[in-house]
Amino acid sequence: MASFSFNTAAELFPAAIRKKKRAGFAYRRFGTAAEAVRFAIEELPADSLNGAYLQVDEARFDQSGIRTLYESQDFPLERRPRKPEPAPASDKADTEAA
């Protein structure tokens, strides 16, 4: 991992095959790979991260690779807690009915 540069521009792509629309996630370009990695781990819903990939220069990273970059000692940005995902509407209706 020593040769990886977190300062290189990066592109984040959604999963190629999608059965349902993933809320708000489309192709996105970032000024640095560090910003892209942090966005993928901290901001994307888990189902959007599954199947997505990050491209930095000629290298591609899947969900596992993105997580490895995020957890690396070399990751230059402050890590923030992941935003909680909203509960599905059906769970809320079940709770209210009880």
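Counting heavy atoms of the protein chains alone, Asp57 has an accessible area of about 110 Å² for a 1.4 Å probe. The convex hull of the Cα atoms of region 10-71, projected and averaged over all directions, covers 3.9 nm².
What length, rounded to one decimal in nm, is gained on full extension from Ser72 through to Asp57, with 0.36 nm per residue of separation minus their alpha-carbon distance? Don't skip to the answer; put the middle values down first.
Values: separation 15, 0.36 × 15 = 5.40 nm, distance 1.89 nm.
Full-extension gain reported as 3.5 nm.
In the context of the full set of protein chains, residues of region 10-71 present 57 Å² of accessible surface per residue (probe radius 1.4 Å, heavy atoms only). Sorting the segments 67-73, 9-15 by their residues' average number of neighbouring beta-carbon atoms within 10 angstrom, most packed first, yields 9-15, 67-73.
What percentage of the solvent-accessible surface of region 10-71, computed with a 1.4 Å probe over protein heavy atoms, is contributed by carbon and sulfur atoms?
Values: 1700 of 3530 Å².
With neighbouring chains kept in place, the figure for region 10-71 is 48 percent.
The values are calculated or read from the model by the stated rules, or taken from the named source; none is laboratory data. The structure displayed is predicted, hence computed values, not measured ones. Every residue, glycine as well, gets a Cβ built from its backbone with ideal geometry; the counts of neighbours run over all protein chains shown. Accessible surface areas use protein heavy atoms only, side chains included; no ligands, DNA or RNA. Shrake-Rupley method; radii C 1.70, N 1.55, O 1.52, S 1.80 Å.
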